[in-house]
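The values are calculated or read from the model by the stated rules, or taken from the named source; none is laboratory data. It should be emphasised that the depicted structure is a prediction, and the values quoted were computed from it without experimental measurement. Neighbour counts are summed over all protein chains in view; Cβ atoms, including those assigned to glycine, are modelled from backbone coordinates with ideal geometry. The area values use the complete protein model at the heavy-atom level, side chains included, leaving out ligands, DNA and RNA. Shrake-Rupley method; radii C 1.70, N 1.55, O 1.52, S 1.80 Å.
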Amino acid sequence: VARAQQFEVASIKPSQAAAESTSGIYSGHGRLDAQNVTLLRCIMGAYGVGPREVSGGPDWIHSDRFDILANADPPINDDAALMVMLQALLADRFKLAFHRETRAIPALLLEVAKSGPKLEKAEAGESSTNTKGSNAGITIEATRTDMDTLARVLARETSEPVLNRTALEGTFNLRLSWARDGATPVAGDDRPSLFTAIQEQLGLRLRSERAPVEILVIDYVERPSEN
């Protein structure tokens with residue numbers, strides 16, 4: 001098995017932005033740009049899990065925020081490969097170590113709505129999935145993304161894990177935008193809840209059910225040194 005490529009250059013610094021400022025991980029063309037993110041958010045992105053799928057660790061993984069800029073040489077035009085490289089970066093710079101356990105917990109099942117899917121089939125090419133969040137709402141813009149990936153991305157933004165049960169194969173281009181639960185309404189922003197948005201915008205639905213889910217249990221982690 002070939003050794004996974006690692007980032008040629010990576011900078012990790014404490015974020016100077018306010019905690020409520022826009023945050024997210026943007027990737028593509030061999031570059032990863034994480035702005036105002038917690039270590040928990042990085043773990044979620046790197047391993048494709050939601051907040052309920054990460055257990056243990058010190059309190060600061062939820063509160064300390066970082067700016068991470070990393071470049072691969074040669075550039076990699078594959079979002080999944082970049083996330084594997086992020087896994088290596090977290091192990092190297094944060095000394096992240098964990099083990100996996102399977103637990104039966106409440107989950108959300110991603111299914112096709114009765115009205116049928118409203119998804120644009122994608123041609124072959126570079127994949128990317130970018131999420132932008134603010135106090136008011138969240139927007140996911142994805143190119144050439146499959147349903148397993150969409151479920152993982154949704155899980156980062158919900159209180160429960162999301163499991164793909166759509167049986168839809170292939171990759172899609174999509175945009176999904178919804179209001180945060182309990183968010184203070186913003187003038188001119190009439191985004192619906194996630195459950196309404198995913199049905200209206202993508203022709204999919206989320207249904208609650210208890211299910212066995214693999215959990216990442218943190219054994220060790222430390223704050224990175226600046227570079």
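Once you list every other residue whose beta carbon is under 9 Å from the beta carbon of Trp178, what net charge do they have if Lys and Arg are +1 and Asp and Glu are -1? Write down the numbers at each step before the final one.
Working: positive: Arg180, Arg191; negative: Glu157.
Neighbourhood net charge equals +1.
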Quick one: of the DSSP bridges fully inside the chain, what percent are antiparallel, nearest 5?
90
Value of relative contact order over the stretch 121-216, rounded to a whole percent, pairs C-alpha under 8 Å and six or more apart
26
Just the number, please: carbon plus sulfur as a percent of the accessible area of the stretch 33-133, 1.4 Å probe, no ligands or DNA/RNA counted.
50
Name the most mobile residue of Gln16, Gln201, Gln87, meaning the one with the largest mean-square fluctuation, in a Gaussian network model of the chain with Cα contacts below 10 Å.
Gln16
Given the protein chains as shown and a 1.4 Å probe, how many square angstrom of Thr143 are accessible, to the nearest 10?
50
Which one, Ser15, Phe66, Phe98, projects farthest toward the positive side of the charge dipole computed for the chain from Cβ point charges (K/R +1, D/E -1)?
Phe98
How much accessible area does Glu123 have with a 1.4 Å probe, in Å² rounded to the nearest 10?
140
Tensor-based shape of the chain (alpha-carbon gyration tensor, a/c under 1.5 rounded, otherwise prolate or oblate)
rounded
Leaving out ligands, DNA and RNA but keeping every protein chain, what accessible area does Arg52 have, in Å² rounded to the nearest 10, with a 1.4 Å probe?
140
Out of Val153, Val112, Val49, any idea which swings most in a Gaussian network model of the chain, alpha carbons joined below 10 Å?
Val112
If you take the charge dipole of the chain about its Cα centre, with +1 on Lys and Arg Cβ and -1 on Asp and Glu Cβ, which of Thr143, Ser177, Ala34 is farthest toward its positive end?
Ser177
For a test of the definition: using alpha carbon positions, the gyration tensor, and the 1.5 limit on a/c, classify the stretch 1-67 as rounded, prolate or oblate.
oblate
Between the alpha carbon centres of the stretch 100-132 and the stretch 11-40 the gap in Å comes to 23
Taking a virtual spin label 7 Å from the Cα of Arg165 along the C-beta vector, which residues in the stretch 94-124 bring their backbone nitrogen under 15 Å of it?
105-114
If you put +1 on each Lys and Arg Cβ and -1 on each Asp and Glu Cβ, how big is the dipole of the chain around its Cα centre, in Debye rounded to 20?
380
Length added when fully stretched, Val84-Ala97, from 0.36 nm per residue minus Cα-Cα
3.2 nm
What accessible area per residue comes out for the chain, rounded to a whole number of Å², with a 1.4 Å probe?
51
